[in-house]
Amino acid sequence: AQKVTQAQTEISVVEKEDVTLDCVYETRDTTYYLFWYKQPPSGELVFLIRRNSFDEQNEISGRYSWNFQKSTSSFNFTITASQVVDSAVYFCALSEGHGQGAQKLVFGQGTRLTINP
Amino acid sequence: DTAVSQTPKYLVTQMGNDKSIKCEQNLGHDTMYWYKQDSKKFLKIMFSYNNKELIINETVPNRFSPKSPDKAHLNLHINSLELGDSAVYFCASSQGQNTDTQYFGPGTRLTVL
């Protein structure tokens, strides 16, 4: 069965620090997709990134960067120069293709990130 | 324009009642989903429909019945509500390939008293 582990339940840093959120996954599939979502205090789930299992290139988007390492089954997320607005719960997820146009997202437990001014 | 919308945003009701949550997407997607987020923030899929056809049906009590009148709408009806049904329910949609990104609605916080 597929599984996603976010071992860090809560992280608290001071503004402008860099912070890395860890994500480790388990799957038997050779083709799969990994995702990160952000859930700010307002409660909605905001899509951040999708990465397929064949693309191990790191991705950078502004202050956000993602490191995908297939050898260690990890897909870590780094925020550089953190800001108070980055405070949220962050979820890592693994897709389980179901066929017929649907997929199950298997979510990690989430990491609550607090950025203190 | 809201891409995936849900109504109501908050729902407070008594045990034993029946209630519905509605979801609509204007993204032109073929697949829609319901997820449940419990009090510990854990997210788990409940159902998925593709073009009005039920595709995924997780181990969910049969008091929960999804209905998709068309591919832009997926409603969730819950009978005989129990305390344990209190949660945030999220609707999501994706284009229709099983590799696509899912986009989520704002969530409906259901509280059963």
| query | Once you average over the residues of A:41-53, how many Cβ atoms of partner chains fall within 10 Å of each Cβ? | reply | 3
| query | Ordering B:Leu11, B:Leu27 from largest to smallest accessible area (1.4 angstrom probe), what's the sequence? | reply | B:Leu27, B:Leu11
| query | Given a 1.4 Å probe and no ligands, DNA or RNA in the count, how much accessible surface is buried by A and B, both sides, to the nearest 100 Å²? | reply | 2100
| note | Once A:Ala1 and A:Tyr64 are pulled to full extension, the length gained, defined as 0.36 nm per residue separation minus their Cα-Cα distance, is 19.7 nm
| query | How long is the gain from A:Gln83 to A:Ile11 if the chain were fully straight, where each residue apart is worth 0.36 nm and the alpha carbon distance is subtracted? | reply | 24.6 nm
| note | For region B:59-69, Karplus-derived ³J(HN,Hα) couplings (6.51, -1.76, 1.60; θ = phi - 60°; whole Hz; x for glycine and proline) come out as 6, 10, x, 6, 5, 9, 10, x, 9, 10, x
| Regarding the protein assembly as shown, what whole-number volume in Å³ per residue does the convex hull of its Cα atoms give? | 126
| said: Please enumerate, by chain and number, the aspartates and glutamates with C-alpha under 17 Å from the C-alpha of A:Lys3, excluding those fewer than 8 residues away in the same chain. | reply: A:Asp22, A:Glu26, A:Asp29, A:Glu96, B:Glu58
| field | Hull volume in cubic angstrom per residue (convex hull over the Cα atoms of region A:61-109) | value | 120
| task | Rank-order B:33-45, A:6-18 by packing density, defined as the average count of other C-beta atoms within 10 Å over each peptide's residues, highest first. | result | B:33-45, A:6-18
| query | Which whole number gives the average, over all residues in B:43-51, of C-beta atoms from other chains lying within 10 Å of the residue C-beta? | reply | 4
| task | Taking every pair of alpha-carbon atoms in region A:1-54, give the share separated by more than 15 Å as a whole percent. | result | 64
| task | Distance check, please: which entries in A:Lys70/B:Lys9; B:Lys9/B:Lys52; B:Lys41/B:Lys71; A:Lys16/B:Lys44; A:Lys16/B:Lys40 exceed 31 angstrom between their Cα atoms? | result | A:Lys70/B:Lys9; A:Lys16/B:Lys44
| field | Extension gain from B:Ser80 to B:Lys9, taking 0.36 nm per residue of separation minus the Cα-Cα distance | value | 23.5 nm
| Proximal aspartates and glutamates to B:Lys22, defined as alpha-carbon separation beneath 14 angstrom and excluding residues fewer than eight positions away on the same chain | B:Asp70
| Over chain B, relative contact order from alpha-carbon pairs under 8 Å, at least 6 apart, % | 36
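The values are calculated or read from the model by the stated rules, or taken from the named source; none is laboratory data. A quick note: this is a predicted structure, and the numbers were derived from the prediction, not measured. Please note: Cβ atoms are built from the backbone with ideal geometry, for glycine as well, and neighbour counts cover all protein chains shown. These accessible areas exclude ligands, DNA and RNA; they are computed on the full protein's heavy atoms, side chains included. Shrake-Rupley method; radii C 1.70, N 1.55, O 1.52, S 1.80 Å.
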